[in-house]
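Taking it in order: structure first as C-alpha cells, then the write-up.
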Amino acid sequence: MEEREDCVDDVEDAARLADHDGCADGYAEYVSCHVAEGTCEEGVWTAPTCASLGSALRSCSGRAATFVKSACAEERDKYTSCGLSGGHDFPCSKQLECVALCALAASCDELSNQQPGDPHSICVNACFESTP
C-alpha cells in the first residue's frame, strides 16, 4: 500500500513539474495514451504506440518524464510480450530510439519473421541512413 502511494506521489510530482516546465499538454497526452493504449501481457505493461509521446515529453521536460520508459525499454518489453528476445541496451541513443520505434510499430509476427524489404526492415534501414 505504501509503495502504491509513493508511486502516485511520483506521478503527481511529475505532473506539477510538467506544468512548471510548460509541458502539461505533452504530459497529459502521454498519460492518456499510456492508459488507453497500454496492455498487460505476460506480466509486462506495454504501451508501444505511446513511445514517441514519451520521447517528446522527455525532450520537453526530463524532470517530468523520469517515470516514462525510453523507446528502447518499450522495445524490450514489446519483444518480451511477443515471446522473443531482443531490444536494445541503455542508454537509448537517437539511432537506437529510431530502431526501437520501428519495432514498436511492427507486429509480433513481423518481428519474429523479419525479411529484407518488409516494412520493419525498411524502417530500420532508414534509421541508419538518416542518423549520423
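Find, among the GluC sites (Glu not before Pro) in segment 17-73, those assigned to loop by DSSP (not H, G, I, E, B) with at most 15 other beta-carbon atoms within 10 angstrom. Write out the running numbers ahead of the final one.
Numbers: sites: E29, E37, E41, E42; in loops: E42.
Loop-located and lightly packed - E42.
What accessible area per residue, rounded to a whole number of Å², is obtained for segment 13-64 using a probe radius of 1.4 Å?
Counting only protein heavy atoms, the per-residue value for segment 13-64 is 55 Å².
Can you tell me how much longer the chain between L84 and D9 gets when fully stretched, taken as 0.36 nm per residue apart minus their C-alpha distance, in nm with one decimal?
Contour length minus the Cα-Cα distance gives 23.6 nm.
Quote the Stokes-Einstein diffusion coefficient, in whole µm² s⁻¹, for segment 82-132, based on the Kirkwood radius over alpha carbon pairs, a temperature of 20 °C and a viscosity of 1.002 mPa s.
On the way: Rh = 11.3 Å.
Using the Kirkwood radius from Cα pairs, D works out to 189 µm²/s.
Separation between the W45 and E129 pseudo-spin-labels, each 7 Å from Cα along Cα→Cβ, expressed in nm?
So the label points at W45 and E129 sit 3.8 nm apart.
Between A36 and S93, what FRET efficiency comes out of the Förster formula 1/(1 + (r/R0)^6) with R0 = 25 Å and r the beta carbon distance, rounded to 0.05?
Details: r = 29 Å, r/R0 = 1.15.
After rounding, the FRET efficiency stands at 0.30.
Which whole-number percent is the relative contact order of the chain (Cα, under 8 Å, 6+ apart)?
Details: 152 pairs, mean separation 24.2, N = 132.
Result for the chain is 18 percent.
Carbon and sulfur: what percent of the chain's accessible surface (1.4 Å probe)? Before the final figure, lay out each step's value.
On the way: 4210 of 7760 Å².
Carbon and sulfur together cover 54 percent of it.
Using helices alone, I'd like the mean residue ellipticity at 222 nm for the chain: each DSSP H run of four-plus residues gives -39500 (n - 2.57), total over residue count, nearest 500. Intermediate results must be reported in sequence, preceding the final value.
Values: 7 runs with 83 residues, N = 132.
-19500 deg cm²/dmol, from helical runs alone.
Using the Cα gyration tensor of segment 58-116, with a ≥ b ≥ c the square roots of its eigenvalues, what is the shape: rounded (a/c below 1.5), prolate (a/b larger than b/c) or oblate (neither)?
Working: a/c = 2.58, a/b = 2.02, b/c = 1.28.
Verdict is prolate for segment 58-116.
The values are calculated or read from the model by the stated rules, or taken from the named source; none is laboratory data. Nothing here was measured: the structure is a model prediction, and the numbers come from that model. Cβ sites come from the backbone with ideal geometry, for glycine too, and all protein chains shown count toward neighbours. Ligands, DNA and RNA are stripped out before the accessible areas are found, and what is left, the full protein with its side chains, is counted by its heavy atoms. Shrake-Rupley method; radii C 1.70, N 1.55, O 1.52, S 1.80 Å.
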